[in-house]
1. In deg cm²/dmol, rounded to 500, what helix-only [θ] at 222 nm does the chain give when every DSSP H run of at least 4 residues adds -39500 (n - 2.57) and the total is split over its residues?
2. First select every other residue whose beta carbon is under 11 angstrom from the beta carbon of GLN3; then total the charges, Lys and Arg +1, Asp and Glu -1.
3. More than 17 angstrom separation, counting every C-alpha pair in the chain; what % is that?
4. Dipole size in debye (nearest 20) for the chain around its Cα centre, Lys and Arg Cβ +1, Asp and Glu Cβ -1?
5. With a 10 Å radius around each residue's Cβ, average the other Cβ atoms per peptide and rank 2-10, 34-42, highest first.
Amino acid sequence: DQQRDELQNFIAERGLDVKTVCEHFGIDALIQIEEAKLPAVKQDIETLAKTGMTA
């Protein structure tokens, strides 16, 4: 799935891991994120990376 792959790369580029991001959003998998919410989700991931939050 292209959306999932794109998000995985986006997360990895920021030094985060998928598990941490999924836990942050309260989901089991990136595929659960609706495409319409991607811009907001990416913004949230940016903030997460900047604050250095780790699981």
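Bear in mind that the values in this text are calculations on the coordinates, not laboratory data. It should be emphasised that the depicted structure is a prediction, and the values quoted were computed from it without experimental measurement. Note: ideal-geometry Cβ built from the backbone for every residue, glycine included; neighbour counts use all protein chains shown.
1. About -19000 deg cm²/dmol.
2. That works out to -3.
3. 24 percent
4. Dipole magnitude for the chain comes out near 200 debye.
5. Output ranking for 2-10, 34-42: 2-10, 34-42.
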